[in-house]
Every structure is written in C-alpha cells, then in structure tokens.
Amino acid sequence: MKIMPIGSSGAGKSTLTRKLYELTGYPLWHIDQTWHQWDHSELARERLADYQHDFISQHEDWIIDGGYSWLMTERVRTADEIVILEIPRVLALYRVVKRSILNRIFHNRKDLPENFKEKWDREFWEFLKFTWRFPERSAKKQAAVIRAEKAWNKVIVLSNQKEKEAYLARFSAEAKN
C-alpha cells in the first residue's frame, strides 16, 4: 500500500503518518526532513525530486508525508491512497504556532532535521501567511495535480478526528489479521 497524506501545515499529516507507520511498518519519509536540510534552490528541488523517485522505486509499500505540489505528480501517479486532511485555517494556524513553541522547548519534531531551527522572524510570518492562504492557493494546486493525473478515485478526505480514527482503525484491524 502506498499512502500519500496531504493538507495544510498544521493539519496533522505528520501525526497521521507516524500512527500509520506504527500500525503498518511501511517505510516512512517526511519530505520536510530532507527539504529543510537544503538551501531551497532549483538544484535542491531537482535533488528532492530524485530522492523522492528513489524512495518510491525502492519500496513496494510507503508512506510519504508532505504536500509540495510542485513535487506531487509522481506520488499521485503511484499512490494507492491520497489522504487529504482538511481542517479550518484558524485551527491550522493555532497548531503551527503551538508546535513551534513546543519544538523550541522540547525539540520534539521528528519530521524535521535535528539542526532545523525555526525562528520567529519574517520567514515564520511568511509561513503563517502561507498556512492561512492554503485553501485558496496550495490546495487548489494540489487538486489540479490530482485532476491532471485523473486520480480522484484514490482520494480520501478526512475532516475531523472521528474520520481520522476510523481511517486508522482500518489499518489496526488489518494488522490484527
């Protein structure tokens, strides 16, 4: 099974992918963990696309955590399930700020490289604006990739905790069998 969770920053992608990994043991790649080690240049984008291709090619099953609409086409083509996590933008902003504070205190973000230091500066402000604008901008770009690849039949939308728990329960039941 190849699983591709996407959604806004703060939507719960990393939490969901960690739980999926615990239930399935499928190889897990947090794109942020790789991307935030590099300089975000065009060369880094090419390297990330190569890294993604290698990860997909080397694993029969996988979970890939991260949106990156400019990098989605290969994942969309090869994924069995595209899990869209939808949450209200106010909740997304709250979670982004909360996790930033908690990470400053506890350094608890396993989905980021150890040397990643989030600063509360202009870049962080831009990230908050990106999170706020996600539904109008990035979600539309992601939907366009899914539409272009004719992959809406692979999409599962999870909009609340109950739906996430039901989705995870499916894998829990499979693990018991």
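Per-structure values
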{"item": "For peptides 148-159, 70-81, sequence by mean Cβ density within 10 Å, most packed first", "result": "70-81, 148-159"}
{"item": "Protein accessible area in region 8-151, 1.4 Å probe - carbon and sulfur %", "result": "52"}
{"item": "Solvent-accessible area per residue, Å², over the chain with all protein chains present [probe radius 1.4 Å]", "result": "58"}
{"item": "Kirkwood Rh in Å, taken over region 1-102 so that all alpha-carbon pairs contribute", "result": "14.3"}
{"item": "Value of relative contact order over region 1-63, rounded to a whole percent, pairs C-alpha under 8 Å and six or more apart", "result": "53"}
{"item": "Region 43-177 - percent relative contact order, Cα under 8 Å, separation 6 or more", "result": "41"}
{"item": "Mean Cβ count within 10 Å, highest first, over the residues of peptides 92-105, 118-131", "result": "92-105, 118-131"}
{"item": "Region 96-170: C-alpha gyration tensor shape, a/c 1.5 cut-off, then a/b vs b/c", "result": "oblate"}
{"item": "Debye intensity ratio in log₁₀ form over the Cα atoms of the chain, taken at each q of 0.10, 0.15 Å⁻¹", "result": "-0.38, -0.91"}
{"item": "Amide H contacts under 5 Å for ILE84, placed H, 5+ residues apart", "result": "ILE6, ILE156, VAL157, LEU158"}
{"item": "Region 62-126: proportion of alpha-carbon pairs further apart than 19 angstrom, %", "result": "51"}
{"item": "Long-range HN-HN contacts of HIS30 with modeled amide H, under 5 Å", "result": "ASP65"}
{"item": "Rounded Å value of the spacing that divides the Cα centres of region 140-176 and region 15-77", "result": "17"}
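The values are calculated or read from the model by the stated rules, or taken from the named source; none is laboratory data. No experiment lies behind these values; they were computed from the predicted model shown. Every residue, glycine among them, receives a Cβ derived from its backbone with ideal geometry; neighbour counts consider all protein chains shown. Heads up: the accessible areas ignore ligands, DNA and RNA and are worked out on the full protein's heavy atoms, side chains in. Shrake-Rupley method; radii C 1.70, N 1.55, O 1.52, S 1.80 Å.
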